[in-house]
Amino acid sequence: MKLLQFPIIKITIWYVLGIAVSYYFEFSLFSIIILTCVSTLGMLFSNFYSLKKFQSQKSFAVFLYATLFFLGILLSSVRKETFHDHHFYNQNVFGKTSLINGTIIEKLKTGSKYERFVIKVNQIDQKKSFGKIILNLKKGKAENLFIGQKILITDQISTNPKPDNPNQFDYGEYLKTRNIYGQIFTDASAIKVNFKPEKSIRYYTAQFRETIIKNLKEAWFPERESAVINALILGQQQEISRDIVKDYQFAGAVHILSVSGLHIGFILLFVTFLLKPIPKTKLGNTSRFLLTVTALWAFAFIAGLAPSVIRSTVMFSIIAYGNYLKRESNVFNTAVASMFIILVFEPYILFDIGFQLSYLAVFSLLTIEPLLAKIWQPENRLVTFFWKIMTVSFAAQIGTLPLSLYYFHQFPGLFFITNLVVIPFLEFLIMPLGCLLTVAAYFNFTPEILIQAVAYSIKGMNYFINLIASAESFVLRDIPFTNSMLLLSYIFLITLFSWIYKPGFKKLILSITILLFLQANVLWNHWNAKTSKSFIVFNTLHNTIIGETKNQETAVHYRNRINKETFEENMLKTFSTANFSRIKTFQPLKNCYYFKNKKILLIDSTAAYPKNRIASILILTQSPKINLDRILNNLKPEQVVADASNYKNYIEMWKRTCQKRKIPFHSTYEKGFYKID
């Protein structure tokens, strides 16, 4: 399969490269506009010259790809909202109390302490402003807030958080890809609401969803099952409990909870079935196409326009258009075209995890699944159906496995059993009944028999998922996977399947060579981890945690015991996985450590320390009441470290003392973790 023979694929590759370069490097807008114009003029001139000479010019292709590359940079720069002067990021609003006039445009998943919303800024301190901010409102105080509601907030805007601990997910950078550059942490007393909403398409779709959810609740639809049906049909995952999500992850079925191609494909088939009576005339075909596309996009808006929803809807809309024109389109071409269209309007969606996994799954189905399907071609239709599910499941897993390991560091070994049972169950029972129930609920007509049918169907699916997830020995967890391993894995998959499609000695040698490089990279990472040592003071509130790593083993020292499924446990798991190590021991803190010929003293709330002893590093924890000047005279440390368990005013006082004496001071609250290699 010579994929690069399709022009849209080459064009999309160069455009994507432009977006990636724009994300990692800053460019002058003027220079990018000039380069785009020059390459465009070169492309037009080359095209004119080739038409005049009646022969194609290689220069045309060069200028075309250069134009797409610079266009990717240009559109990414322009779509970055901070580029505009009126964006709040450029108005010196951080760290001071302001009056923010905004509109709620999205509800996010509820955290352990806060209800979370995305608000669109309209004004700040009566001045014109715009941008998006996450509003974190203390739980139990947000019952009356809804999408489209205008609100006034009197509080401070904080910058996006930076990773405070090693190998932590950079949530702040992720928010920037969504053009969110600030957060507000507040309670109901700081908010005034305007009950006259801003009536946009988001408002109406949110009202549609809320009506359904409210009517289902009043009809006594079970809460746990209601959360799942909201995710499957309405694209709302905010209310799904953590244990359900965990079960779906361990069973390899978490993709079911996100509206994607499976769900949009069902809607397309369902709408096509309903529109069959329309006559196949020119007017009838046009009406059928317009109604189909309208239904798909209406469902996409109701489901919240997540990246997977947008991708699937655009792709199926292009397929519907091809059917309308009675053209047999190449599905790979269609998928890439949908990707290109989405990236033109939202360049930074390229860095969304859901978007990446969605397209990798699609490309895998189109390239790998046909090869797996050829292994066996059963004659029985029922066997063929389940064999198709198997090949589709394995193809999607092969294509997304490296990226899944990179982001999530785990692999559900029983995913194929889950898909064999759940997908038919979902497609032929839950989705049809669920769609019927949601439509009926909107009109407040919810027959008991329909409620029971949907509730028991979801309960049965959840039970089966839980049964698979309980076999935790089949879930491979804490798998380290680096950037280089990710890149080499995909290069290996591309070269391997290129050889399978068209065998050749050179391709085989290249594939084996890449595999050897991948193995060498894994061995290098393990050897590097085995020979490296580190001493880390982690940044944790209300606790003090220190880690000593050597020989791929980490000894953890703690002030308060670390419980399971807490921030501290997840932080340590992330660190040990990323560093190819394992947690060896958990033990209480000591007052003295030795690391690489450095003596490290720790002073806690007891304020006890050995007098007249030299120390290389002094660690202050749990807000000890001390005279730091006197201690510095006694211990003469080269570095002072204060972790986040201390009071902030103490940290500021110690910082000033160290500055006067010109001793380096490191506050983990301000700078994040402290590490000695």
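The values are calculated or read from the model by the stated rules, or taken from the named source; none is laboratory data. From a predicted model like this one, the values you see are computed outputs, not experimental measurements. Glycine gets a Cβ as well: all are built from the backbone with ideal geometry, and neighbour counts include every protein chain shown. To get the accessible areas, we keep the full protein, side chains included, count just its heavy atoms, and leave off ligands, DNA and RNA. Shrake-Rupley method; radii C 1.70, N 1.55, O 1.52, S 1.80 Å.
Residues Ser241, Ser226: which one is free of Cβ contacts under 8 Å to residues at least 60 places away in the same chain and either within 20 Å of Gly111 (Cβ to Cβ) or of a type in the set (Val, Ile, Thr) (or both)? I'd like the intermediate steps shown before the answer.
Numbers: Ser226 fails: either within 20 Å of Gly111 (Cβ to Cβ) or of a type in the set (Val, Ile, Thr) (or both).
When all the criteria are applied, what remains is Ser241.
Just need a number here: residues in region 25-43 that are open to solvent by 100 Å² or more (accessible area, probe 1.4 Å), assigned to a helix (DSSP H, G or I) and modelled with pLDDT under 85.
Counting residues in region 25-43 that are open to solvent by 100 Å² or more (accessible area, probe 1.4 Å), assigned to a helix (DSSP H, G or I) and modelled with pLDDT under 85 gives 0.
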**Q.** Subset of region 437-458 that is hydroxyl-bearing (Ser, Thr, Tyr) and open to solvent by 20 Å² or more (accessible area, probe 1.4 Å) - its residue that is modelled with the lowest pLDDT
**A.** Thr446
Q. Which one of these does Gly434 not meet: (1) buried (at least 19 other Cβ atoms within 10 Å of the Cβ); (2) without any contact (Cβ under 8 Å) to a residue 60 or more places away in the chain; (3) not aliphatic (A, V, I, L, M)?
A. (2)
Q.
Which numbered condition in (1) surrounded by fewer than 16 Cβ atoms within 10 Å (Cβ to Cβ); (2) over 24 Å from Pro503 (Cβ atoms) is the only one that Leu371 fails?
A. (2)
Q. Taking region 148-183 only, how many residues are outside any strand (DSSP E or B), hydrophobic (A, V, I, L, M, F, W, C) and in contact with a helix residue (DSSP H, G or I) (Cβ under 9 Å, 6 or more places away or on another chain)?
A. 1
Q.
Scan region 177-191 and tell me whether some residue there is closer than 30 Å to Leu75 by Cβ and exposed (fewer than 14 other Cβ atoms within 10 Å of the Cβ).
A. no
Q: Filter region 192-222 down to the residues that are part of a helix (DSSP H, G or I) and of a type in the set (D, E, K, R), then identify the one that is least open to solvent (accessible area, probe 1.4 Å).
A: Arg209
Q: Kindly establish whether Leu476 is open to solvent by less than 30 Å² (accessible area, probe 1.4 Å) and either in contact with a strand residue (DSSP E or B) (Cβ under 7 Å, 6 or more places away or on another chain) or closer than 28 Å to Ile353 by Cβ (or both).
A: no
Q: Read through the list (1) of a type outside the set (Phe, Trp, Tyr); (2) over 26 Å from Cys592 (Cβ atoms); (3) surrounded by 12 or more Cβ atoms within 10 Å (Cβ to Cβ), then give the number of the only condition that Lys533 fails.
A: (2)
Q: Just give me the residues in region 106-129 being aliphatic (A, V, I, L, M) and surrounded by fewer than 17 Cβ atoms within 10 Å (Cβ to Cβ), in sequence order.
A: Leu108
**Q.** Members of region 147-185 found to be of a type in the set (D, E, K, R) and within 22 Å of the chain's Cα centre (by Cα), listed by number
**A.** Lys162, Asp164, Asp170, Glu173, Lys176, Arg178
Q) Say we look at region 372-411 and pick out the residues that are part of a helix (DSSP H, G or I) and touching a strand residue (DSSP E or B) at 6+ places or on another chain (Cβ under 8 Å); which of these is farthest from Met571 (Cα to Cα)? A) Leu401
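Inspect region 593-613 for any residue being of a type in the set (S, T, N, Q), in a loop (DSSP other than H, G, I, E, B) and open to solvent by less than 20 Å² (accessible area, probe 1.4 Å) and give the result as yes or no.
no
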(Q) With the requirement that a residue be over 10 Å from Ser22 (Cα atoms) and β-branched (Val, Ile, Thr), what does region 57-83 give you? (A) Val62, Thr67, Val78, Thr82
**Q.** Residue list for region 653-666, restricted to those being open to solvent by less than 70 Å² (accessible area, probe 1.4 Å) and either assigned to a loop (DSSP other than H, G, I, E, B) or of a type outside the set (A, V, I, L, M, F, W, C) (or both)
**A.** Lys655, Thr657, Ile663, Pro664, His666
Q. If you go through region 535-554 one residue at a time, do you hit one that is at pLDDT 90 or above, touching a Ser or Thr at 6+ places or on another chain (Cβ under 6 Å) and part of a helix (DSSP H, G or I)?
A. no
Q) Among the residues of region 623-630, is any at positive phi, touching a residue at least 12 places away in the same chain (Cβ under 8 Å) and of a type in the set (S, T, N, Q)? A) yes
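Looking at the structure I just gave you, is Thr313 polar (S, T, N, Q), part of a helix (DSSP H, G or I), in contact with a Phe, Trp or Tyr (Cβ under 8 Å, 6 or more places away or on another chain) and buried (at least 18 other Cβ atoms within 10 Å of the Cβ)?
Considered against the rule, which asks whether it is polar (S, T, N, Q), part of a helix (DSSP H, G or I), in contact with a Phe, Trp or Tyr (Cβ under 8 Å, 6 or more places away or on another chain) and buried (at least 18 other Cβ atoms within 10 Å of the Cβ), Thr313 comes out as yes.
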Q. Are any of the residues in region 644-652 out of contact with any helix residue (DSSP H, G or I) (no Cβ under 9 Å at 6 or more places or on another chain), among the acidic types (Asp, Glu), free of Cβ contacts under 8 Å to residues at least 40 places away in the same chain and open to solvent by 40 Å² or more (accessible area, probe 1.4 Å)?
A. yes
